[in-house]
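Before any comments, here is the structure.
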Amino acid sequence: MNSSQKVCNEYVDKSNFIRHQALQEIYASTNLSPSNYGSPIQIDEEPMNEAQSFVRDPANFISNFDLNDSSVPEKYREKVQRLKDVLAGEGLLVDGGLDLGYQVPMRFQIAKVLYYIVTDNVKIMPPDARFDDNEPNLNGVQQIIGYALKNPNVLLYFGNGLKRMLRAEYSDKNHIPKELGVAGRRPQPKTS
């Protein structure tokens, strides 16, 4: 680099420094910030403890709770209570929703969703059609079904309607879990 280039670079550096100082004074006097840096932030006196903000509160995850099943028809209340006890025992269902490992349970109407699952109606609507107007309930049904498919012993507590719908989703009928069999159906002997 020759001497004229050095002088030129020093001049550019000094002029950039002076321009930067002038801009800082203008922004400070008007309480504004440069447009490419965003607006100024206000710093709170009490810093937030990041580690504490992600700690689960055990009070939100009570698995021994009473279910208000007054909206469930009488003949299904025992089945709903039994499924609630099984899911709570598995650690999936807690008071207020499903424990999916987040800070708070995934909230939905537990009694309504469990009633849908244990119903024996063979003309039951698919979950996405039944709960199309209530996304939390739809998510609750889908999470419980997904859990049950991974843990087939939970399928034993499902109603015949949902079991029939789940069996229909298997393309290879030889791979249907035995827990998806319909309870109470026995082949009738052929009479001649």
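Miscellaneous remarks
- Filter result for residue 123 (touching a Leu at 6+ places or on another chain (Cβ under 8 Å) and among the charged types (D, E, K, R)): no
- The residues listed here are 85, 120, 99; of these, the one that is surrounded by 17 or more Cβ atoms within 10 Å (Cβ to Cβ) and within 19 Å of residue 64 (Cα to Cα) is 99.
- First in segment 155-177 and without any contact (Cβ under 8 Å) to a residue 12 or more places away in the chain, second anywhere and assigned to a loop (DSSP other than H, G, I, E, B) and β-branched (Val, Ile, Thr), Cβ under 6 Å, 6 or more apart: 170/176
- Segment 127-143 residues that are over 18 Å from residue 164 (Cβ atoms) and free of Cβ contacts under 8 Å to residues at least 24 places away in the same chain, paired with ones that are assigned to a helix (DSSP H, G or I) and of a type in the set (Asp, Glu) (beta carbon under 8 Å, 6 or more apart): 138/128
- Taking residues in segment 65-77 that are within 21 Å of residue 120 (Cα to Cα), and partners anywhere that are in a loop (DSSP other than H, G, I, E, B) and among the acidic types (Asp, Glu), the pairs with Cβ atoms closer than 7 Å and at least 6 places apart or on different chains are 77/69.
- Leading residue by the ranking (farthest from residue 118 (Cα to Cα)) among those in segment 74-104 that are assigned to a loop (DSSP other than H, G, I, E, B) and in contact with a helix residue (DSSP H, G or I) (Cβ under 6 Å, 6 or more places away or on another chain): 104
- Enumeration of residues in segment 69-113 that are touching an Asp or Glu at 6+ places or on another chain (Cβ under 7 Å) and among the aliphatic types (A, V, I, L, M): 80, 92, 111
- Residue 118 being at pLDDT 90 or above, hydrophobic (A, V, I, L, M, F, W, C) and at negative phi: yes
The values are calculated or read from the model by the stated rules, or taken from the named source; none is laboratory data. Computed from a predicted model, the values in this text were never measured in an experiment. Glycine gets a Cβ as well: all are built from the backbone with ideal geometry, and neighbour counts include every protein chain shown.
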